[in-house]
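Reading through the structure tokens given below for one structure.
The values are calculated or read from the model by the stated rules, or taken from the named source; none is laboratory data. This structure is a prediction, so every number in the text was calculated from the model and none was measured. FYI the Cβ positions are ideal-geometry reconstructions off the backbone, even for glycines, and counts take in every protein chain you see. These area figures cover heavy atoms from the full protein model, side chains too; ligands, DNA and RNA do not enter into them. Shrake-Rupley method; radii C 1.70, N 1.55, O 1.52, S 1.80 Å.
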Amino acid sequence: MVGVDGVPELGPEAAAALRIVAHFDELDESAAGAEVVLRSAASLADCAVGARWASGTVIRCDANGRLDSPTELPPLHGEPTVWLDRGGPEQALDPVLLDRVRRTLRRVMARTGTAAALQIGDPALLEVVLSDNQSPAERARAIRLLGLDETREVRVLAVSAGSPAEALRVVVRELGDEPVRSVAIGADTALLCYSSEDARTLSDRLDAAIIAAFPPPLPVHVGRGPWVGIGARTTVFGAAASWQQAQRGLRFASSTHYGRRAVAYERLSVLELLADLPSERVLRHHDVARINAIAAKPAGAHDVDTTEAFCVLGSLRRTAAQLHLHHSTVAARIAHVEAAMGWDLADPIDRFTATLVLVVRRIALSSAELTGADPTNVGRSR
């Protein structure tokens, strides 16, 4: 076919083939990872796309962009075999698409190394998405390269870096089958996930799962269970704000073996203002200083932990069940703190005061531990 200027015109199929080639060339130039390549192929083909290596490792992306792959990839060798999972007959441009996917995966592996090429997601791109210092254009580009669905709501979680490795797996497992992207930022790990659950349901479920996996009291050699802050649901373009909220929620999570392990920012309400109190001023307050003096002794540390758990859980029975203690032991420990502080937790005002003192103390101690600081003259409840 010849155009009016004498230049041959391409037919519809040839023009579409060139668009496919240009699309994957652009992915290659942008240093996209294997996940983005497979997501793009699935989107273009409107069906699932898979890749298999001689080692037996398989990565598959369905038509909706959901990825199915090993958590930890073994060494991979050779060129991948790529296929389309169509429900019907092969389409005319399928061979072109498969060829470009295979070529692009090969270049990804050559550029970054076999293992790195197939990591799920790109931490550097995710860091751009979560940063509030990036321009809208840079954030939009990172979102596109990560293959994030702009039509769905996401939320960001902050998991304390001091948590054991298994703790992160517990949290990710509870987030369900949807893809979860993670990146270490500062002292914490950020997790970005699609989310349709309300904050109360998600935080309660995560809290229960963490307690089940790391029941108190933990053996000394295990370390500490995870502390998790949960940001609000938002569009993927608002993920930076959700990340900041998750970090604030993290400061309210208990850094002891008792109390609340997962805290949703949306549930804090006016309590969120307490995060702005200067930690050093909080620790100098006479009530907080007295609590810390009690917690500085081994027996006193148990008494303070138990009282904190009671204020969180709301009843002797629930506190005794979580701490695996007889309710009379719980009552005795609380009575020790009441006597030392001059509180009567049966009185609503005293109970509110005790809860507030323990909350602001917890924020101050958690903030210090999360940043690696070590405030002086503070009792440690281990």
Using a basic spin-label model with each label point 7 Å from the Cα along Cα→Cβ, how many nm lie between Ala187 and Thr201?
3.4 nm
Pulled fully out, how much extra length does the chain show between Trp83 and Thr235, if you take 0.36 nm times their separation in residues and subtract their Cα-Cα distance?
51.5 nm
May I ask you to derive the FRET efficiency for Glu26 and Ala137 from their Cβ-Cβ distance with R0 = 25 Å, giving the value to the nearest 0.05?
0.95
Compute for segment 123-276: radius of gyration divided by Kirkwood radius, i.e. Rg/Rh, restricted to C-alpha atoms, rounded to two decimals.
0.97
Multiply the residue gap between Arg318 and Val58 by 0.36 nm, knock off their C-alpha separation, and tell me the result in nm, one decimal place.
89.0 nm
For segment 267-374, the accessible surface attributable to carbon and sulfur atoms (probe 1.4 angstrom, ligands and nucleic acids excluded) amounts in percent to 62 percent
For segment 237-362, dividing by residue count, accessible area per residue (probe 1.4 Å) in Å² works out to 47 Å²
Under the Karplus curve 6.51 cos²θ - 1.76 cosθ + 1.60, θ = phi - 60°, whole-Hz ³J(HN,Hα) for segment 130-147, x wherever Gly or Pro sits:
8, 7, 8, 9, 8, 6, x, 5, 5, 5, 4, 5, 5, 4, 5, 5, 6, x
